[in-house]
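Participant: Got a structure for you, written out below as structure tokens; questions coming shortly.
The values are calculated or read from the model by the stated rules, or taken from the named source; none is laboratory data. As the structure is a computational prediction, the values presented were derived from the model and not from experiment. So basically every Cβ, Gly included, is an ideal-geometry build from the backbone, and we count neighbours across all protein chains shown.
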Amino acid sequence: MLRVVETWTGISTALGGLVLAWTMLRQHIPPHLRSHVETYVHRLMGYFYPYIQITFPEFSGERLRRSEAYTAIQNYLMVSASARAKRLKADAVKDRKSLVLTIDENEEITDVFEGVKVWWSSTHVARNNFSFSFYPQLDEQKYFKLTVHRNHRGLITERYISHILDEGKVIAAQNRQRKLYANNPSSNWRDFWSKKWSHVTFEHPATFDTLAMDPTKKKEIVDDLEKFTKGKEYYAQIGKAWKRGYLLYGPPGTGKSTMIAAMANFLNYDVYDLELTTVKDNSELRKLLIETSGKSIIVIEDIDCSLDLTGQRKKQVKKDDENDDPAKKLANEEDKPSKVTLSGLLNFIDGIWSACGGERIIVFTTNHVEKLDPALIRRGRMDKHIEMSYCCFEAFKLPAKNYLNLNDVHELFPVVRDLLEVAEMTPADVAENLLPKSMDDDVDKRMKNLVAALERKVKEDEEARAKAEAEARAKVEAAVHPEGAGDESKEDDGNGKPGDGFANGALENGV
Ligand SMILES: Nc1ncnc2c1ncn2[C@@H]1O[C@H](COP(=O)(O)OP(=O)(O)OP(=O)(O)O)[C@@H](O)[C@H]1O
Ligand SMILES: [Mg+2]
């Protein structure tokens, strides 16, 4: 029995050598004869050679998109190869910490699946392509080649390949360096090939564990995100694109951008930071958006400032009034940096383009939710509205724990609780006040610092409110008595009639 196995192994090796020899020889055969010779060689080898081979090219289709299968296999082999192959290629450095190893050219590694042995190798074929194509041509094509005994064809095509693709995707997700993209101004796009997005590695440290906000609200958001990522079938079943819209609103410094970073870290998604003011029009907006990939968060910060989204209709009326004045009309056009319209944006959010890529989250942020057009924020369009507010006592517990190691007990907690109900202090400012101001600041001292800061803030807020009220009153007064406004001598006169101040004064003084 052993002898039979040995003989077969010998034959296989010899045939393997022949296959290799043929691969090398093939390149020297004139291209017009190659396909004929190839047909006969393969037929001949088929008689003796009991193995089948499946190749996976790196690029496929006319547009030469990188094949997902090739990438998944590469990732899968990266893990197996580092353990077993003798010749490895160090392809890239991930996180500047570890090498990414891939199987070297013509190196063969084995894998065993359900007791069946398979062979993987990596190879490339040079191309002599003289045909003209609108799309760029490759000088060479890389392949992974899978060799397996033909008795196991069913197992391999039905189970092994899908196993490899799934495993490869999981490995890719684990190793993925996430990216933060920013759109290049559309005025810089010179041609079809211009890069629409530039990116850097996304390395924001924010997580939901470090985000100070009401824990109930936080949990609701985390659950919502989790449900979304697991909802592929659900979205398909209800016939909706696999996407979700969030509107984050609240005063500056309350953690809206930080929340986006926490979301990206939680989901392991890329972030596309879309600056709308540099996008020329709706068509360029669409070009940008269809270039975003799946598993990403598309962010439009300060949506109320990005565009004249809310004033579109008003502006139209105004422009109609100005129709007669060409100079004014031109100035108006030049003032307007972008022609992206509310309807263009909504079309993308709701329209068929939004379904391209799948698994995407769209986030708008604003400091002034009241200024937004209802069309933009109606339910169903933005699935979830999240208010990021000033620090409440529940949110305060997180910095207290992280900065002071305090878990729910300190004598000043009740004082802080009362003060936070009236003081408008952002979580960032609360955290700042918990930092030690000098080397000897212990926990008590830092809590006292916070209480003092909160008391100051309450006072400042009260003063600011009183001032604002006084200003508002003065405005109303000026509107009711326009002729008396801004002239102190007339203000004194009481009935607002110019010129008779003396008479009134005289009356008041009993003259
Ligand atoms: N809720 C929070 N939890 C933890 N850190 C926070 C929180 N809010 C703000 N910060 C910290 O404060 C700083 C500013 O926060 P961030 O940029 O997220 O605010 P924002 O709401 O986006 O403000 P803006 O409206 O001005 O864009 C960040 O460095 C962040 O770490
Ligand atoms: Mg922000």
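Participant: Looking only at strands (runs of 3 or more DSSP E) that lie completely in the range 54-147, which have at least 3 residues being at pLDDT below 60?
Facilitator: On the way: elements: 88-94, 98-103, 108-113, 116-126.
The qualifying strands (runs of 3 or more DSSP E) are 88-94, 98-103.
Participant: State the number of residues belonging to the range 282-305 that are farther than 15 Å from Leu180 by Cβ, within 16 Å of ligand 2 (Cβ to nearest atom) and among the aliphatic types (A, V, I, L, M).
Facilitator: Adding up the residues that qualify gives 1.
Participant: Which residue pairs have Cβ atoms under 8 Å apart, sit 6 or more places apart or on different chains, and have a first residue in the range 14-43 that is farther than 14 Å from Val125 by Cα and a second that is at pLDDT below 75 and loosely packed, with under 12 Cβ neighbours inside 10 Å?
Facilitator: The qualifying pairs are Leu15/Phe48.
Participant: I'm checking my understanding of the structure. Among residues of the range 411-441 that are part of a loop (DSSP other than H, G, I, E, B) and hydrophobic (A, V, I, L, M, F, W, C), which one is surrounded by the fewest Cβ atoms within 10 Å (Cβ to Cβ)? Break it down into steps so the answer makes sense when it comes.
Facilitator: First pass over the range 411-441, keeping only residues part of a loop (DSSP other than H, G, I, E, B): 411-412, 423-426, 435-441.
Those left that are additionally hydrophobic (A, V, I, L, M, F, W, C): 412, 423, 425, 435, 439.
On the way: Leu412: 15, Ala423: 21, Met425: 22, Leu435: 11, Met439: 5.
Ranking the qualifying residues of the range 411-441, first place goes to Met439.
Participant: Are there helices (runs of 4 or more DSSP H) fully within the range 254-311 with at least 2 residues that are away from ligand 1 (no atom under 16 Å from the Cβ) and farther than 30 Å from Lys219 by Cβ? List them. Please lay out each step first, then the result.
Facilitator: Details: elements: 256-267, 282-290, 303-306.
Hits in the range 254-311: 282-290.
Participant: Any residue at all in the range 254-276 that is surrounded by fewer than 17 Cβ atoms within 10 Å (Cβ to Cβ) and without any contact (Cβ under 8 Å) to a residue 12 or more places away in the chain?
Facilitator: No, because not a single residue in the range 254-276 is surrounded by fewer than 17 Cβ atoms within 10 Å (Cβ to Cβ) and without any contact (Cβ under 8 Å) to a residue 12 or more places away in the chain.
Participant: Return only the number of the condition from (1) within 28 Å of Gly294 (Cβ to Cβ); (2) surrounded by fewer than 15 Cβ atoms within 10 Å (Cβ to Cβ) that Glu359 does not satisfy.
Facilitator: With (1) within 28 Å of Gly294 (Cβ to Cβ); (2) surrounded by fewer than 15 Cβ atoms within 10 Å (Cβ to Cβ) applied to Glu359, the lone miss is (2).
Participant: Okay, moving on. Only residues that are acidic (Asp, Glu) and within 16 Å of ligand 1 (Cβ to nearest atom): list them for the range 186-243, please.
Facilitator: The answer is Glu203, Asp209, Asp214, Glu220.
Participant: So if I check each of Ala474, Ala478, which one is surrounded by fewer than 16 Cβ atoms within 10 Å (Cβ to Cβ), at pLDDT below 90 and either within 16 Å of ligand 1 (Cβ to nearest atom) or not in a loop (DSSP other than H, G, I, E, B) (or both)?
Facilitator: Ala478
Participant: Consider Leu309 carefully, then state whether it is over 18 Å from Ser187 (Cα atoms), at pLDDT 50 or above, more than 16 Å from ligand 2 (Cβ to nearest atom) and surrounded by 14 or more Cβ atoms within 10 Å (Cβ to Cβ). Even if it seems obvious, please write down each step before you answer.
Facilitator: On the way: over 18 Å from Ser187 (Cα atoms): yes; at pLDDT 50 or above: yes; more than 16 Å from ligand 2 (Cβ to nearest atom): yes; surrounded by 14 or more Cβ atoms within 10 Å (Cβ to Cβ): yes.
Judged against the criteria, Leu309 is a match.
Participant: Criterion first (among the β-branched types (Val, Ile, Thr), in a helix (DSSP H, G or I) and modelled with pLDDT under 75) does Val19 satisfy it? Write out each step before concluding.
Facilitator: On the way: among the β-branched types (Val, Ile, Thr): yes; in a helix (DSSP H, G or I): yes; modelled with pLDDT under 75: yes.
Criteria met by Val19.
Participant: Whether any residue in the range 417-431 is free of Cβ contacts under 8 Å to residues at least 40 places away in the same chain, of a type in the set (Gly, Ala, Ser), more than 16 Å from ligand 2 (Cβ to nearest atom) and touching a helix residue (DSSP H, G or I) at 6+ places or on another chain (Cβ under 6 Å) is what I want to check.
Facilitator: Residues of the range 417-431 that are free of Cβ contacts under 8 Å to residues at least 40 places away in the same chain, as a first pass: 417-423, 425.
Then drop every residue that is not of a type in the set (Gly, Ala, Ser), which leaves 423.
Now restrict to residues that are more than 16 Å from ligand 2 (Cβ to nearest atom): 423.
Add one more test, that the residue is touching a helix residue (DSSP H, G or I) at 6+ places or on another chain (Cβ under 6 Å), and what stays is 423.
For the range 417-431, residues free of Cβ contacts under 8 Å to residues at least 40 places away in the same chain, of a type in the set (Gly, Ala, Ser), more than 16 Å from ligand 2 (Cβ to nearest atom) and touching a helix residue (DSSP H, G or I) at 6+ places or on another chain (Cβ under 6 Å): present.
Participant: On the basis of being surrounded by fewer than 20 Cβ atoms within 10 Å (Cβ to Cβ) and either assigned to a loop (DSSP other than H, G, I, E, B) or within 16 Å of ligand 1 (Cβ to nearest atom) (or both), does Lys445 make the cut?
Facilitator: It is false that Lys445 is surrounded by fewer than 20 Cβ atoms within 10 Å (Cβ to Cβ) and either assigned to a loop (DSSP other than H, G, I, E, B) or within 16 Å of ligand 1 (Cβ to nearest atom) (or both).
Participant: Can you say whether Leu248 is within 16 Å of ligand 2 (Cβ to nearest atom) and not in a loop (DSSP other than H, G, I, E, B), as far as the supplied structure shows?
Facilitator: Values: within 16 Å of ligand 2 (Cβ to nearest atom): yes; not in a loop (DSSP other than H, G, I, E, B): yes.
Against the criterion (within 16 Å of ligand 2 (Cβ to nearest atom) and not in a loop (DSSP other than H, G, I, E, B)), Leu248 qualifies.
Participant: Residues in the range 188-200: is at least one loosely packed, with under 13 Cβ neighbours inside 10 Å, closer than 29 Å to Ile221 by Cβ and at pLDDT 90 or above?
Facilitator: As a first pass, look at the range 188-200 and keep what is loosely packed, with under 13 Cβ neighbours inside 10 Å: 188, 190-195, 198, 200.
The next check asks that each one be closer than 29 Å to Ile221 by Cβ; those that pass are 200.
When the remaining residues are screened for being at pLDDT 90 or above, the result is 200.
Within the range 188-200 (the criterion being loosely packed, with under 13 Cβ neighbours inside 10 Å, closer than 29 Å to Ile221 by Cβ and at pLDDT 90 or above), the answer is yes, since at least one residue qualifies.
Participant: Counting just the residues of the range 150-162 that are exposed (fewer than 15 other Cβ atoms within 10 Å of the Cβ) and touching a strand residue (DSSP E or B) at 6+ places or on another chain (Cβ under 7 Å), which one comes out modelled with the lowest pLDDT?
Facilitator: Looking at residues that are exposed (fewer than 15 other Cβ atoms within 10 Å of the Cβ) and touching a strand residue (DSSP E or B) at 6+ places or on another chain (Cβ under 7 Å), I get Arg150.
Participant: Go through the range 210-237 and give me each residue that's in contact (Cβ under 8 Å) with a residue 12 or more places away in the chain, among the charged types (D, E, K, R) and either loosely packed, with under 11 Cβ neighbours inside 10 Å or assigned to a helix (DSSP H, G or I) (or both).
Facilitator: Across the range 210-237, the qualifying residues are Lys217, Asp224, Lys232.
Participant: Still on this structure, please answer the following. Name every residue in the range 165-195 that is out of contact with any strand residue (DSSP E or B) (no Cβ under 7 Å at 6 or more places or on another chain) and part of a loop (DSSP other than H, G, I, E, B), in order of residue number.
Facilitator: Within the range 165-195, Arg176, Pro185, Trp189, Arg190, Asp191, Phe192, Trp193, Ser194, Lys195 meet the criteria.
Participant: Looking only at the range 163-187, filter to residues that are under 30 Å from Gln53 (Cβ atoms) and of a type in the set (A, V, I, L, M); which one of those is modelled with the lowest pLDDT?
Facilitator: Once the filter is applied, the top-ranked residue is Ala173.
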